[in-house]
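The values are calculated or read from the model by the stated rules, or taken from the named source; none is laboratory data. Treat the numbers as computed from the prediction; the structure is a model and nothing was measured. Methodologically, a virtual Cβ is constructed for each residue, glycine included, from the backbone with ideal geometry; neighbour enumeration extends over all protein chains shown. In case anyone asks, the SASA skips ligands and DNA or RNA and just uses the protein heavy atoms, side chains included. Shrake-Rupley method; radii C 1.70, N 1.55, O 1.52, S 1.80 Å.
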Amino acid sequence: MKKAALSLGAAAVLSVPLFTSGFTTADAASTIAAKKVTAPKNVILFIGDGMGEASRNAIRYATVGKNGTLEMDKMPVSGLVRTSSSDSLVTDSAAAATAIATGVKTYNGAIGMDAKKKPVTTVMELAKKAGMSTGVVTTSQVTDATGAAFGAHVENRSAQSDIAKQYIENSKIDVLLGGGEDFWYPKGTAGAHPDAPAEDPSEGSKGTQGNLVDRAKKLGYDYVTDTAEMKASKGSKLLGLFANEEMFQAHNELGNKYNPTVSLPDMTTKALDVLSKNDKGFFLMVEEEGTDEMAHDNDAALTIKAGQQLDKAVKVAKDYAKKHPDTLVLVTADHETGGMVIEEVDADDESGDGESKEDGPFTIAGSKEQFYVDWTTGGHSAVDVALTAMGPGSEEFTGNYQNTAIHDKLVKLLKLK
């Protein structure tokens with residue numbers, strides 16, 4: 001690269017400190033309170049899909065500037081997570097999430113299965129058996145790879161209707177909020193979100209397991225389709241499907257848009273409201289998918305926009321944790337996407353150098369300075385990803401470790417059998 005880098009790219013992340021200091025007095029007070037609790041009762045795990053360290057830096061520069069600190073980084077504990085799958089140095093979301101959820105490395109595309117295609121119990125299923133409530137919140141389809149790995153077991157991530165059926169009948173996840181209505185209704189049966197919408201005419205119902213929304217209702221789920229219905233719901237089991245597929249438009253001939261009709265912070269708030277009613281605690285996984293899909297399209301502006309929403313959702317969780325010091329909050333990624341590098345603005349435009357694309361300029365918040373983003377791939381990369389944490393047991397997540405260790409540490413902290 002010809003330009004001087006403001007922040008090192010993903011491939012060089014291990015050679016520099018992870019984060020600037022942003023730990024405040026309020027955070028310290030919260031940590032002191034948390035130390036009085038020997039083990040977490042609640043776990044909130046955030047996964048910024050595809051969000052490597054360069055992505056976190058770009059989000060930070062655009063949101064709070066060079067000297068500011070994101071909510072996801074303003075946490076007392078940080079570590080580095082290795083991401084390879086059993087059959088590839090470069091993982092996909094299914095294998096990575098399965099490793100986090102089960103403690104077992106597996107092949108790309110597998111959901112809740114080991115490398116020999118045998119089901120492996122997930123930490124969320126163990127939590128459920130222990131009497132805890134469980135939830136999956138995402139801006140992707142609720143049945144997409146990351147969420148699916150916590151509550152389903154299929155050989156291929158594409159079996160999204162099978163995943164939906166397993167959610168409500170087998171793992172019995174209490175709160176499911178996100179997109180993906182198309183996989184809950186059979187072909188020809190449109191739900192609340194019409195088939196062939198103007199923003200993407202290719203979308204339409206394609207379920208293979210019958211009318212799973214009706215099935216969910218019979219099993220006691222309150223079904224909601226927009227923000228007003230979600231906020232009004234009083235049920236202890238909640239299914240919210242807010243889009244045909246992802247809750248935004250990516251890889252779209254009509255243009256990309258990050259425009260969820262229900263925001264990730266609002267979904268997180270509602271999930272916490274429902275799950276916290278259980279005195280035995282809860283396990284909630286919250287995913288921002290836009291940080292991955294927009295990076296696949298080398299769209300830095302929308303990658304940053306999605307990351308900003310993730311950070312707002314993290315703030316919701318941190319505020320909850322400060323009032324409930326028995327809550328452990330974790331923020332990490334399944335892998336890095338795009339091979340992002342952050343560069344200064346200068347006269348040498350290197351667009352067109354192989355896969356490299358120059359994207360920007362973007363303004364550094366609170367200043368007149370700008371930066372560019374350069375991309376090295378439209379796929380995933382094999383670099384380690386950051387993990388930050390706060391709350392009881394968070395000290396277990398320091399260091400450099402395999403993604404499978406996240407599962408092992410959580411099982412130990414929650415004393416699950």
- [ ] Find the percent of Cα-Cα distances in the stretch 186-261 that exceed 15 Å, and round it to a whole number.
- [x] 61
Open item on the list: Taking a virtual spin label 7 Å from the Cα of residue 87 along the C-beta vector, which residues in the stretch 98-140 bring their backbone nitrogen under 18 Å of it?
Closed with: 98-100, 104-120
Open item on the list: Given a Förster distance of 30 Å, report the FRET efficiency between residue 301 and residue 196 from their Cβ-Cβ distance, rounded to the nearest 0.05.
Closed with: 0.65
Task: Kirkwood-Stokes translational diffusion coefficient of the stretch 40-118, alpha-carbon pairs, 4 °C, 1.567 mPa s, µm²/s - done: 89
Open item on the list: Could you work out the pair-distance distribution P(r) of the stretch 185-335 from its alpha-carbon pairs, with 5 angstrom bin width and percents rounded to whole numbers?
Closed with: 2, 8, 16, 17, 19, 17, 13, 6, 2, 0
- [ ] Return the Rg/Rh value of the stretch 85-212, two decimal places, where both radii are evaluated on C-alpha atoms and Rh is the Kirkwood radius.
- [x] 1.00
- [ ] Starting from the Cα-Cα distance between residue 38 and residue 121, subtract it from 0.36 nm times their residue separation and give me the gain in nm to one decimal.
- [x] 27.3 nm
Task: Two-decimal ratio, the stretch 258-404, of alpha-carbon radius of gyration to 2.2 N^0.38 Å - done: 1.23
- [ ] Would you mind getting me the FRET efficiency between residue 273 and residue 189? Use the beta-carbon distance for r and R0 = 30 Å, nearest 0.05.
- [x] 0.45
Task: Value of relative contact order over the stretch 153-306, rounded to a whole percent, pairs C-alpha under 8 Å and six or more apart - done: 20
Task: Sulfur and carbon atoms: percent of accessible area, the chain [1.4 Å] - done: 50
Open item on the list: Rounded, prolate or oblate for the stretch 141-244? Axes are the square roots of the Cα gyration tensor eigenvalues, ordered a ≥ b ≥ c, and the cut-off for rounded is a/c under 1.5.
Closed with: oblate
Open item on the list: Given the options 65, 180, 232, identify the residue whose Cα lies farthest towards the positive end of the charge dipole of the chain (+1 on Cβ of Lys, Arg; -1 on Cβ of Asp, Glu).
Closed with: 232
TODO: Give the peptides 129-139, 97-107 in descending order of average Cβ contacts within 10 Å, highest first.
DONE: 97-107, 129-139
Open item on the list: With +1 assigned to the C-beta of every Lys and Arg and -1 to the C-beta of every Asp and Glu, and no other charges, what is the dipole magnitude of the chain about the Cα centre in debye, to the nearest 20?
Closed with: 2540
Task: Ratio Rg/Rh, restricted to the stretch 235-299 and using Cα atoms, in which Rh is the Kirkwood radius - done: 1.07
Open item on the list: Based on the alpha carbons, how large is the Rg to Rh ratio for the stretch 154-197 when Rh follows Kirkwood?
Closed with: 0.99
Open item on the list: If you filter the stretch 251-328 for GluC sites (Glu not before Pro), then keep DSSP loop positions with at most 12 other Cβ within 10 Å, what is left?
Closed with: 253
Open item on the list: Let me check I've understood the local charge: for residue 237, count other residues with C-beta under 14 angstrom from its C-beta, Lys and Arg +1, Asp and Glu -1. What total comes out?
Closed with: +4
Open item on the list: Could you tell me the center-to-center distance, by alpha carbons, between the stretch 34-96 and the stretch 365-417 in angstrom?
Closed with: 3
- [ ] Taking only the C-alpha atoms, wrap a convex hull around the chain and report its volume per residue in Å³ as a whole number.
- [x] 131
Task: Between the stretch 172-245 and the stretch 286-331, the alpha-carbon center distance in angstrom - done: 23
- [ ] Give the shape of the stretch 354-395 as rounded, prolate or oblate, defined through the alpha-carbon gyration tensor: a ≥ b ≥ c are the square roots of its eigenvalues, a/c under 1.5 means rounded, and otherwise the shape is prolate if a/b is larger than b/c and oblate if not.
- [x] oblate
Task: Calculated Rg and Dmax of the stretch 114-173 using C-alpha coordinates, Å - done: 11.0, 30
